[in-house]
1. Which residues, taken from segment 30-53, are hydrophobic (A, V, I, L, M, F, W, C) and in contact with a Phe, Trp or Tyr (Cβ under 6 Å, 6 or more places away or on another chain)?
2. Pull up segment 32-49, narrow it to residues that are at pLDDT below 85, surrounded by 12 or more Cβ atoms within 10 Å (Cβ to Cβ) and of a type in the set (A, V, I, L, M, F, W, C), then point me to the one that is nearest to residue 126 (Cα to Cα).
3. Could you please give the count of residues in segment 15-40 that are touching a helix residue (DSSP H, G or I) at 6+ places or on another chain (Cβ under 7 Å) and under 15 Å from residue 54 (Cβ atoms)?
4. When you check residue 124 against the structure, is it modelled with pLDDT under 70 and within 23 Å of residue 23 (Cα to Cα), yes or no?
Amino acid sequence: MRDERVEQAKNKIRSEIAVIIYIAIAVSFIVKRFYLNMSLEECITEYLILIFFSVYEVIRMNMLKVSLFNVYPKRGNRQLMIVMIVAFLIVALAAFAFPLTKGSTVKFSYGSIVPVMIFLVFFVGISLIARKYHQDRAIKYEKEFDDNEPEE
């Protein structure tokens, strides 16, 4: 028979190792793509691991009826809006700064900003949908597992 405390400690260590590996893979992907200028085909393993790690986490959390979101968020929505506005302003500023670089040695074009804008639109849209979905799930789980209900 195993001690529950030992099992929880082992699970915590394994969880920390998984996070460290995930961060290492993300750093590897960033270094390969942007520092070593490798193509996506050359980094496909890291790319797929990054995607499937997140997908597995969401699926597993739903299976175990666990949500990382607080049922009653205090500052979460305000922080998300601030981050989205700052990101939009940075991209808009970059888009307006591109015409000013025509005479310089730095060559930018609107064609180079379009993929970034498409990514940001999809990222923000998917993030908002996922956030709403997980908040709804957190409320559902809170109601389902609430211990304050009167016993009959």
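1. Scanning segment 30-53 gives 43, 53.
2. 43
3. Residues meeting the conditions: 4.
4. Taking the combined requirement at face value, the residue does not satisfy it.
The values are calculated or read from the model by the stated rules, or taken from the named source; none is laboratory data. Just so it is clear, the model here is predicted, and its values are computed rather than measured. As a convention, Cβ positions derive from the backbone with ideal geometry for all residues, glycine included, and neighbour counts pool all protein chains shown.
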